[in-house]
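Only one structure is covered here, and it is reproduced in the block below.
The values are calculated or read from the model by the stated rules, or taken from the named source; none is laboratory data. This one's a predicted model, so the numbers in the text were calculated from it and none came from an experiment. We place every Cβ from the backbone using ideal geometry, glycine too, and count neighbours over all the protein chains shown.
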Amino acid sequence: MTTETTAHRRAAVYEHTAGGFGTVRLVPVEPAADAPLIHGWVSEERARFWGMLGQSCEQVRETYEFVDSLTTHHAFLAVLDEEPVALFQTYDPDADPVGECYDVRPGDFGLHLLIAPPREGAHPGFTGALVQVLTAYAFSDPAHLRLVVEPDARNEKAIRRMIRSGFVLGPEIDKPEKRARLAFLERETFERGLAGR
């Protein structure tokens, strides 16, 4: 199901063109405009680990209005060649419940990623290429020294994807809404991977 959104017309906070993949633009989520699209994604069983299964479109809008009101948390749509393909969120671990579950280091920067339902004609390696673009965005700020992710510990697919992207697994932690698996990507590891290409 395709839900209309104006995301492709918004100013991007980051843009990257990858050969053989396309141009990815990160644009801020506009809660009122994007709630129907995001609701469609988070309502699918495949997105159960996102934690919004069963929420109404209005609840999704309210959630992203709250995120939009924060200076420490941000939500974006990743738009590939004018089509939204993922929901991408960033956060300061010191200002998030995850910061109470591990020793936050200066320069830590948290990420959440929800891939949209599969696109027609999506080529193998789509998710990996998208993760590379998003990590490049995160590290485009020199203050970010280490990326932190915390997928649901049962989400084996996401954990395998993080390992393939260079993240190192940390401990499992208990958050109010889930048991999560921490994983970390150091700036040096990311830059070494770029140099090796």
Q: Examine the stretch 113-127 for a residue that is touching a residue at least 24 places away in the same chain (Cβ under 8 Å) and closer than 15 Å to residue 185 by Cβ, and state whether such a residue exists.
A: yes
Q: Look through 107, 128, 166, 170 and report the one residue that is touching a helix residue (DSSP H, G or I) at 6+ places or on another chain (Cβ under 7 Å) and either modelled with pLDDT of 95 or more or under 23 Å from residue 12 (Cα atoms) (or both).
A: 128
Q: Look at the stretch 170-193 and say how many of its residues are farther than 20 Å from residue 97 by Cβ and surrounded by 12 or more Cβ atoms within 10 Å (Cβ to Cβ).
A: 6
(Q) Given the condition assigned to a helix (DSSP H, G or I), of a type in the set (Asp, Glu) and more than 14 Å from the chain's Cα centre (by Cα), answer yes or no: does some residue in the stretch 34-41 qualify? (A) yes
Q. Of 44, 82, which residue is of a type in the set (D, E, K, R) and surrounded by fewer than 13 Cβ atoms within 10 Å (Cβ to Cβ)?
A. 82
Q: Identify the residue in the stretch 13-31 that is in contact with an Asp or Glu (Cβ under 9 Å, 6 or more places away or on another chain) and β-branched (Val, Ile, Thr) and, among all such residues, is surrounded by the fewest Cβ atoms within 10 Å (Cβ to Cβ).
A: 23
Q. Filter the stretch 90-109 for residues that are buried (at least 16 other Cβ atoms within 10 Å of the Cβ) and either basic (Lys, Arg) or in contact with a Leu (Cβ under 7 Å, 6 or more places away or on another chain) (or both); which is farthest from residue 31 (Cα to Cα)?
A. 102
**Q.** Out of 81, 92, sole residue that is acidic (Asp, Glu) and at pLDDT 95 or above
**A.** 92
Q | Enumeration of residues in the stretch 1-33 that are within 24 Å of residue 177 (Cα to Cα) and part of a loop (DSSP other than H, G, I, E, B) | A | 29
